[in-house]
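Here the structure is laid out as structure tokens; the discussion comes afterwards.
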Amino acid sequence: LVTARIDGRDLVLTQQRIGYDEATTSDPAVWMVPVHLRVGTTATTVLLDQPTLSVALDDPEAPVVANAGGHGFWRVAYSADLLNRLRGPALAALDPVERYNLVDDAWNATVAGRLGTADMLGLLRGFGDEDDLSVWQAIMAAFNGLSRLVSGDELAALRAEVRSVVAPALDRLGWVPVEGEGERQGKLRGLLVAALAVTGADAAATARCAELLAQHDASPGTVHPELVAAATTAVAAS
């Protein structure tokens, strides 16, 4: 695990073994970690070969991407300040693999007790414009994980959060497959439909899934296979 924080005009990188218990994270081992950084639009590489390394920044207010390009086999834990910088235009400017890593690393930090659920939800709220299948798989892994941790009013509030993020993406993609679209778009549609109907508990989406499943039963082959799978999941869940 490489943590990143700002100290004055320096970016401070710290490494430690990642784990979900104190015995694992207290391991003093140190690795040779080539860290690909992007600060604003400037890319550089530094070697983190000690527990902590300070990197002087020309612009200490710029967004910082550690593991730029997703080349490193390690996770990143950003300070709250740096995480807040990766929102809006800065988030949209990331490559899909960087957005995937951002969500996946944050969710694993939540599981490990390093990142609060409120901060995790704050990050996920920024992904309403996301259109990449892999990134959405990471987003829904986090939402589904969170949904298993809460109940009652908290679960109802979480479902509303899911609907607020998923519904705009599904509206853009549409429920009806477009001729000539790629396989990943079909898979993304199925994922979003199931997410809205099941994790988001959206009544309208669930009703439409029931209609799609009935159409498939009456006329096999008239409904896209990804929609059949999503509709089956939604009807079974409800």
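The values are calculated or read from the model by the stated rules, or taken from the named source; none is laboratory data. In this text the structure is predicted, and so the values were computed from the model without any measurement. Every residue, glycine among them, receives a Cβ derived from its backbone with ideal geometry; neighbour counts consider all protein chains shown. The protein model used for the area step is the full one, side chains on, heavy atoms only, and it has no ligands, DNA or RNA in it. Shrake-Rupley method; radii C 1.70, N 1.55, O 1.52, S 1.80 Å.
Simple spin-label model, 7 Å along Cα-to-Cβ: Ala62 to Asp49 in nm?
2.6 nm
Under a Cβ-Cβ cut-off of 15 Å, what is the net charge of the residues other than Leu149 that fall near it, where Lys and Arg count +1 and Asp and Glu count -1?
Numbers: positive: Arg148, Arg159; negative: Asp119, Asp153, Glu154, Glu161.
Residues close to Leu149 contribute a combined charge of -2.
Between Ala218 and Ala29, what is the label-point separation in nm under the 7 Å Cα-to-beta-carbon projection?
6.0 nm
For every other residue with a beta carbon closer than 11 angstrom to the beta carbon of Leu188, add +1 if it is Lys or Arg and -1 if Asp or Glu, then tell me the sum. Intermediate results must be reported in sequence, preceding the final value.
Working: positive: Arg172, Arg184, Lys187, Arg189; negative: Glu130, Asp131, Asp132, Glu181, Glu183, Glu226.
Local net charge: -2.
Give, in nm to one decimal, the length gained when the segment between His71 and Ala207 is fully stretched (0.36 nm per residue of separation minus the Cα-Cα distance).
Length gained between His71 and Ala207: 44.7 nm.
Which percent of Cα-Cα pairs in the chain sits in each 5 Å bin, short to long?
Calculated over all Cα pairs of the chain, the distribution is 1, 6, 13, 16, 16, 13, 11, 9, 7, 4, 3, 1, 0, 0 percent.
Once you order the gyration tensor axes a ≥ b ≥ c over the Cα atoms, which shape class does region 21-159 get: rounded for a/c under 1.5, otherwise prolate or oblate by comparing a/b with b/c?
On the way: a/c = 2.06, a/b = 1.36, b/c = 1.51.
Oblate, because a/c is 1.5 or more while a/b does not exceed b/c.
Could you work out how far the C-alpha centroid of region 34-50 sits from that of region 112-175, in angstrom?
After rounding, the separation between the Cα centres reads 30 Å.
Pick out which of Tyr20, Tyr100, Tyr78 has the largest mean-square fluctuation in a Gaussian network model of the chain, springs linking Cα atoms closer than 10 Å.
The residue with the greatest mean-square fluctuation here is Tyr20.
Take the Cβ-Cβ distance between Glu181 and Asp21 as r, set R0 to 41 Å, and report the resulting FRET efficiency rounded to the nearest 0.05.
Details: r = 45 Å, r/R0 = 1.09.
Efficiency, from the Cβ-Cβ distance: 0.35.
If you count only protein heavy atoms with a 1.4 Å probe, what accessible area per residue comes out for region 1-123, rounded to a whole Å²? Please report the intermediate quantities before stating the final value.
Values: 6270 Å² over 123 residues.
Accessible surface, normalised per residue, equals 51 Å².
Between rounded, prolate and oblate, where does region 187-227 land on the alpha carbon gyration tensor, with a ≥ b ≥ c its root eigenvalues, rounded for a/c under 1.5, else prolate if a/b exceeds b/c? Don't jump to the answer; show the numbers that get you there.
Numbers: a/c = 3.86, a/b = 1.50, b/c = 2.57.
Since a/c reaches 1.5 but b/c is at least a/b, the shape of region 187-227 is classed as oblate.
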